[in-house]
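Taking it in order: structure first as structure tokens, then the write-up.
The values are calculated or read from the model by the stated rules, or taken from the named source; none is laboratory data. For clarity, every value in this text was computed on a predicted model and none was experimentally measured. Note: ideal-geometry Cβ built from the backbone for every residue, glycine included; neighbour counts use all protein chains shown.
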Amino acid sequence: MPDLLHKYRKMRDFGETPEPAGGKPKRGKLPIFVIQKHQASHLHYDFRLEMEGVLKSWAIPKGPSYDPSVKRLAMMTEDHPYDYAKFEGVIPAGQYGGGNVIIWDQGGWEFIEPGDDPVKAVKSGKLTFRLYGKKMFGEWALVKIGGRSRSDKGNEWLLLKHRDEYANEKVDVTEVAPLSVVSNRSVEDVSPKNVWNSNRSDPLKGGAAPTVASRLKAEKKPAKKKAATKAPAKKKSAQPSGPARARKAPSPKASARTRSSPARATPAAKPTRRRPPR
Ligand code: MN
């Protein structure tokens, strides 16, 4: 079995980014899809379909359109791990794709054609499918194009809406429904605290987004001693409250998200992740 996530992992430093490093699909349900609105150097919508245990991914600069006459450019990107579908938060500046991410829509999907193998369909450069989301419904198609221009890297596809009862030429879904279906936040307002945690099923429960490295570290070292003397039984990811928690001078706790590898264990982490995205 080839490592489908090799490229994904190579592009990221999981000591620095709160993005997931892996995750396995759940059984017995429709495969999942997610569309993440991503304010990186350019705003785009990352459309991901579960297949082969990972998320096949396309970056769509303008997002989907319900108008069947509108074709939206979709650049195929590297496979993402299954758990990425739960990611909402902030990718630190300087990291690949640095910027804010919200879960713009999510749900299940169903392969329609051609054939009976969606993986083969992707390889063939065309697939049609049905979406069962909160914003995305009905039949859609992804069709590979390209080979025409020098700039084409073989990853250019189009996303288009099939004519069905959901097709609509008048409503711009990205405009009328801009917010996260998970937190109801806009991509500008997403909080680094309001994010994904692999140990929790409900991303709304809050808490700082731990990096993979910080989570592994936390598993090695059980509860810190001094936590017992202060706030009673707060989770390690909980942010202390009060004026002491200024952004410029993060307490060791507040900076837990960036303090990930042993080499950078000093609390005086440089605030690189506060820079605007590239
Ligand atoms: Mn993206």
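Working only within the range 31-45, note down all residues that are assigned to a strand (DSSP E or B) and free of Cβ contacts under 8 Å to residues at least 60 places away in the same chain. Steps first, answer last, please.
We begin by selecting, within the range 31-45, every residue assigned to a strand (DSSP E or B); these are 32-39, 43-45.
His44, the sole residue that qualifies.
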Might you let me know whether the range 27-37 holds any residue that is within 16 Å of the ligand (Cβ to nearest atom), aliphatic (A, V, I, L, M) and under 22 Å from Ser180 (Cα atoms)?
yes
Tell me the residue from Tyr66, Tyr132, Tyr84, Tyr96 that is modelled with pLDDT of 95 or more and either within 16 Å of the ligand (Cβ to nearest atom) or under 23 Å from Leu5 (Cβ atoms) (or both), please.
Tyr84
Residue hits (the range 54-89; part of a strand (DSSP E or B) and in contact with a helix residue (DSSP H, G or I) (Cβ under 7 Å, 6 or more places away or on another chain)) are Val54, Leu55, Lys56, Glu78, Asp79, His80, Pro81
Considering residues that are more than 16 Å from the ligand (Cβ to nearest atom), surrounded by fewer than 21 Cβ atoms within 10 Å (Cβ to Cβ) and in contact (Cβ under 8 Å) with a residue 60 or more places away in the chain, the number found within the range 12-26 is 6
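Could you please find all residues in the range 112-129 being over 29 Å from Asn184 (Cα atoms) and either within 16 Å of the ligand (Cβ to nearest atom) or of a type outside the set (D, E, K, R) (or both)? Can you show your working first?
Step one: of the range 112-129, the residues over 29 Å from Asn184 (Cα atoms) are 112-128.
Listed by number, the residues that qualify are Ile112, Pro114, Gly115, Pro118, Val119, Ala121, Val122, Ser124, Gly125, Leu127, Thr128.
In the range 90-130, which residues are part of a loop (DSSP other than H, G, I, E, B) and surrounded by 14 or more Cβ atoms within 10 Å (Cβ to Cβ)?
Step one: of the range 90-130, the residues part of a loop (DSSP other than H, G, I, E, B) are 92-98, 114-117, 125.
Pro92, Ala93, Gly94, Gln95, Tyr96, Gly97, Gly98, Gly125 - these are the residues of the range 90-130 that are part of a loop (DSSP other than H, G, I, E, B) and surrounded by 14 or more Cβ atoms within 10 Å (Cβ to Cβ).
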Would you point out the residue of the range 27-49, among those that are of a type in the set (D, E, K, R) and surrounded by 21 or more Cβ atoms within 10 Å (Cβ to Cβ), that is nearest to Trp109 (Cα to Cα)?
Arg48
Could you list, in sequence order, the residues of the range 152-194 that are modelled with pLDDT of 95 or more, among the β-branched types (Val, Ile, Thr) and exposed (fewer than 14 other Cβ atoms within 10 Å of the Cβ)?
Val176
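Taking the conditions exactly as written (under 19 Å from Leu159 (Cα atoms), away from the ligand (no atom under 13 Å from the Cβ), among the basic types (Lys, Arg) and part of a strand (DSSP E or B)), does Arg48 satisfy them or not?
Values: under 19 Å from Leu159 (Cα atoms): yes; away from the ligand (no atom under 13 Å from the Cβ): no; among the basic types (Lys, Arg): yes; part of a strand (DSSP E or B): yes.
So Arg48 fails the test.
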